[in-house]
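Okay, so here's the structure we're looking at.
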Protein chains: 2
Amino acid sequence: MSGDERRPRATIKDVAKAAEVSPMTVSNVINGRMQFVSAATKKRVEREIERLGYRRSSNARNLRVSEQRSIGMVIVDESPAFLADFFTCQVVAGLANVLNHADYTLTIQGMPGAELAQSMIMRNFEVAGFCAMISGPKPERLAAIERLADLNQPVVVFQQELPGAGADICTVRQDDRGGGRLIGDHLLARRVTDILAVIPRQPWPAVENRVAGIRDSIAAAGSTAEVTVLEAASESFADVQAAFAAYLDSHPLPGAVVGANDPVATAAMLLLTDRGVRVPEDIRVVGFNGFEAHRYARPHMTTVLSPAYAVGERAGEAMLARLKSGNFAHPDHVLPVVFDPGFTT
Amino acid sequence: MSGDERRPRATIKDVAKAAEVSPMTVSNVINGRMQFVSAATKKRVEREIERLGYRRSSNARNLRVSEQRSIGMVIVDESPAFLADFFTCQVVAGLANVLNHADYTLTIQGMPGAELAQSMIMRNFEVAGFCAMISGPKPERLAAIERLADLNQPVVVFQQELPGAGADICTVRQDDRGGGRLIGDHLLARRVTDILAVIPRQPWPAVENRVAGIRDSIAAAGSTAEVTVLEAASESFADVQAAFAAYLDSHPLPGAVVGANDPVATAAMLLLTDRGVRVPEDIRVVGFNGFEAHRYARPHMTTVLSPAYAVGERAGEAMLARLKSGNFAHPDHVLPVVFDPGFTT
């Protein structure tokens, strides 16, 4: 490793001399091999790197180590605005921060499922592992995960269960099914007998689990309450209102509407309140996620609070531990959710 | 470039033979040197890569080219949830998609300003250029941009003007100042004489420009209308409501409240409506951005529609053109905004 030839620049030896360590120690710090370096030494070396303005030369550095200092984040979504979902944004932020603090970067790519195999990030070897947020029908999701597993690199999959998945796969998810059960229990306790679940057409395992949780709750209570699933073309305001309006034209008002997430529930609620239907007196409305946006809904909405940022952090921690130890210690991490009754008790 | 030694695997020669092209052509396709390859050949090579399951071997590929197939996205934000802002999420999605289609990945890192210089992404040479979304006081923003420029790589900076910046810097932004003027014109036409601008304490150039645009409008009209700036601790619902409530305790109701963005305006509006103040009869409320979320506000809000996704796309296109030609053709891209009067005319 030498400086850029075009102008005088600090070399790794200059840094080593200034920090009173060996060039190998400087190299260890630069390449993140921290098992060989004390925290105090790391700090001293970093101070001298900064002071001397040392930068690795791109054509002379140790390729084998540095190439593995990035984790790939794959977001399979049919929408080009693959970061439009606030849950995904929070997960990515939590993940990126944990990785960055350990001196890994996060390389991100969103794509429709059909483009996954040929995507740049999948053909690129420069990542040490993959994290994946995958939507779509179950067979396509599983096919995508298989593609990732085929790369023989560690994979963390968000928001789905994969019982019996390969040894080098780990899943991190919030307890969506448990959240669904909390919603079911809440509605059954209020004598709701018919629940309309409004979900986007694009399948997401988390949404499937939320609906399954409501059915669990009904089964556990031995109730005869019914759950009807209404698919909207997307989770946009307009699509949700169009689907819900069409439904209301030919069906009686259900006892409760449960949205796949808070924006879906809010769009449904506003259709109702704009028509003069009273929430929660005439119909109960429940969302999911409880991000900042749900505070803006009026009337106040019942929801389930999602630990999205912590889900991202947990994935980062699991990946870092895997890279250190060679295997995932836990195959499946489930983070708890919290029920927020809002003001519609 | 050879296959993985541990098991038989297709080599670049196998792909070349199957696609009836030279190994150099396969290498060109893999490394994105598309100026040398026809679309039909590219397709044929990619088909064979997929069919044969060819993957580059990590320790034997052409480093110099492949290392430059990623663009770094730096988000300087004091909040760890650096993707909490919907504008930033949209920009990142638009940028990532344009880059990905040209076979570049996007490597993303968020950090507080103080950590920029020592951040992994800045010390990592494997990117071909940087895009940067930078908040903070102006001197700190300029220092951050200088840091980026020091890396001698092309830089695209979002959402600020940099007149006279280095030759290898380009800015891409929406016309925030023009948006502010539209808001000012709208309010002056409705005889508003005192405007309260509610902004988060963390400075953002876009927000500064929006407020400056309102003042432009007042000056252009020769009006005596006054603009008061109220800083909230953050743009969260709770912080905005706390700051606005404290303001209202010691000041008369202003003629209009302009939020730094839609969530800020909505938090202010809900404080008013929850207190029985009528919008827009007693006070006008104007937001900024017009993303999906603003549709959920009641009463309907006046806002300015932001082309955030297009801002990201434009940045990607500018960066790709720069990498191809060696220089930025335009130093500053300004995308127009659209005024949306909502229902508060």
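The values are calculated or read from the model by the stated rules, or taken from the named source; none is laboratory data. Keep in mind that what you see is a predicted model, and the values were worked out from it rather than measured. Note that each Cβ is placed from the backbone with ideal geometry, even for glycine, and that neighbours are counted across all protein chains shown.
Observations on the model:
- Being within 23 Å of A:Gln174 (Cα to Cα), buried (at least 19 other Cβ atoms within 10 Å of the Cβ) and either β-branched (Val, Ile, Thr) or touching a residue at least 24 places away in the same chain (Cβ under 8 Å) (or both) is not true of A:Leu116.
- In this structure, A:Pro154 does not qualify as over 16 Å from the mean Cα position of the chain (by Cα) and under 19 Å from A:Arg210 (Cβ atoms).
- Of the residues in the stretch B:318-331, not one is within 20 Å of B:Asp239 (Cβ to Cβ) and surrounded by 24 or more Cβ atoms within 10 Å (Cβ to Cβ).
- For the stretch B:247-255, the count of residues that are touching a residue at least 60 places away in the same chain (Cβ under 8 Å), out of contact with any Pro (no Cβ under 9 Å at 6 or more places or on another chain) and farther than 23 Å from B:Ser135 by Cα is nonzero.
- The residue of the stretch B:97-112 that is farthest from the other protein chains (Cβ to nearest Cβ), among those that are more than 19 Å from B:Thr171 (Cβ to Cβ) and aliphatic (A, V, I, L, M), is B:Ala102.
- Scanning the stretch B:263-280 for residues that are under 22 Å from B:Arg181 (Cα atoms) and either assigned to a loop (DSSP other than H, G, I, E, B) or away from chain A (no Cβ under 13 Å) (or both) yields a count of 2.
- Filter result for A:Glu235 (among the acidic types (Asp, Glu) and farther than 18 Å from A:His186 by Cβ): yes
- For the stretch A:69-83, a residue qualifies if it is surrounded by fewer than 20 Cβ atoms within 10 Å (Cβ to Cβ) and either farther than 30 Å from B:Leu52 by Cβ or within 7 Å of chain B (Cβ to nearest Cβ) (or both), and the qualifying residues are A:Ser79, A:Pro80, A:Ala81.
- Listed by first and then second residue, the pairs with beta-carbon distance under 6 Å, at least 6 apart or on different chains, first residue in the stretch B:192-207 and over 15 Å from B:Leu248 (Cα atoms) and in the same structural domain as B:Ala243 (by TED's automatic domain parsing), second polar (S, T, N, Q) and not in a loop (DSSP other than H, G, I, E, B), form an empty list.
- Every condition in (1) within 14 Å of chain A (Cβ to nearest Cβ); (2) over 24 Å from the mean Cα position of the chain (by Cα) holds for B:Asn289 except the one numbered (2).
- Of B:Val211, B:Val192, all but one fail to be among the hydrophobic types (A, V, I, L, M, F, W, C), within 17 Å of B:Thr302 (Cα to Cα) and out of contact with any helix residue (DSSP H, G or I) (no Cβ under 8 Å at 6 or more places or on another chain); the exception is B:Val192.
- Selection count where residues are assigned to a helix (DSSP H, G or I) and under 11 Å from A:Ile199 (Cα atoms), scope the stretch A:231-253: 4
- Only one entry in A:Leu106, A:Leu95 is surrounded by 22 or more Cβ atoms within 10 Å (Cβ to Cβ), in contact with an Asp or Glu (Cβ under 8 Å, 6 or more places away or on another chain) and not polar (S, T, N, Q), namely A:Leu95.
- Considering (1) surrounded by fewer than 22 Cβ atoms within 10 Å (Cβ to Cβ); (2) aromatic (Phe, Trp, Tyr); (3) in the same structural domain as A:Val92 (by TED's automatic domain parsing), the lone condition that A:Phe130 does not fulfil carries the number (1).
- Scanning the stretch A:15-27 for residues that are buried (at least 17 other Cβ atoms within 10 Å of the Cβ) and either away from chain B (no Cβ under 14 Å) or modelled with pLDDT of 85 or more (or both) turns up A:Val15, A:Ala16, A:Ala18, A:Ala19, A:Val21, A:Thr25.
- Of everything in the stretch B:38-68 that is at the interface with chain A (Cβ under 10 Å from one of its Cβ atoms) and assigned to a helix (DSSP H, G or I), the residue that is modelled with the lowest pLDDT is B:Arg64.
Yes/no per residue for (1) modelled with pLDDT of 95 or more; (2) touching a Leu at 6+ places or on another chain (Cβ under 8 Å); (3) not assigned by TED's automatic domain parsing to the domain that holds B:Val127:
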site: B:Glu292; (1), (2), (3): no, no, yes
site: B:Tyr296; (1), (2), (3): no, yes, yes
site: B:His300; (1), (2), (3): no, no, yes
site: B:Met319; (1), (2), (3): yes, yes, no
site: B:Asn327; (1), (2), (3): no, no, no
site: B:Asp340; (1), (2), (3): no, yes, yes
